[in-house]
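Step one of this worksheet: look at the structure below.
The values are calculated or read from the model by the stated rules, or taken from the named source; none is laboratory data. Since we're looking at a predicted model, the values are computed, not measured. No Cβ is skipped: glycine too gets one built from the backbone with ideal geometry, and neighbour counts run over all protein chains shown. For accessibility, only protein heavy atoms count, side chains too; no ligands or nucleic acids. Shrake-Rupley method; radii C 1.70, N 1.55, O 1.52, S 1.80 Å.
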Amino acid sequence: MVNNSWWGMTVIPLSNIQQVETGSWTAASTQEQFHFGRGNANVKLTFVSEQKYYSGLATFIEPMDTLYLSVDDPSALHGICQLNTE
């Protein structure tokens, strides 16, 4: 589960994560994609199939195929996701 705010969230099964990349992406460079967190994103999740983001207390449902996250420890998230694919 990724909780972007009180108003929005998504639930992504680990089996639906195709690829996890660590790096640095600015909000400006990811305008067409979902970007959660403050500052530059340091994790990019690419999905096997389209996922759903529920916003406005699930009033709006938006499709997403990529999610950019700003997390404290990107290597830990990368490790968790990699364990699931082995």
Legend entry - Ellipticity estimate at 222 nm from DSSP helix runs (n ≥ 4, -39,500 (n - 2.57)) divided over the chain, nearest 500: -4500 deg cm²/dmol
Inset, instruction - Work from the charge dipole of the chain (Cβ charges, +1 for Lys and Arg, -1 for Asp and Glu, about the Cα centre) and give the residue of M64, G8, V20 farthest towards its positive end. - result: G8
Legend entry - Accessible surface of the chain [probe 1.4 Å, protein heavy atoms]: carbon and sulfur percent: 51 percent
Legend entry - Residue of P13, P63, P74 that the Gaussian network model of the chain assigns the largest fluctuation, springs spanning Cα pairs under 10 Å: P13
Inset, instruction - Please work out which option in [x] 15, 41, 32, 11, 1; [y] 18, 52, 29, 2; [z] 17, 59, 23, 0 gives P(r) over Cα pairs in 10 Å bins from 0, in percent calculated from these coordinates, and answer with its label. - result: [y]
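Contact order normalised by length for segment 21-86, with contacts defined as Cα pairs under 8 Å and 6 or more residues apart; what percent is it? Spell out each step's value before the answer.
Details: 101 pairs, mean separation 23.2, N = 66.
Computed value for segment 21-86: 35 percent relative contact order.
Can you tell me the dipole magnitude for the chain around its Cα centre, using point charges on the Cβ only (Lys, Arg +1; Asp, Glu -1), in Debye to the nearest 20?
Values: 3 positive and 8 negative charges, 33 e Å.
The dipole of the chain has a size of about 160 debye.
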Legend entry - Accessible surface, per residue, of the chain when the full set of protein chains is kept, probe 1.4 Å, Å²: 64 Å²
Inset, instruction - Excluding V71 itself, calculate the net charge of residues whose Cβ lies under 12 Å from the Cβ of V71, where each Lys or Arg counts +1 and each Asp or Glu counts -1. - result: 0
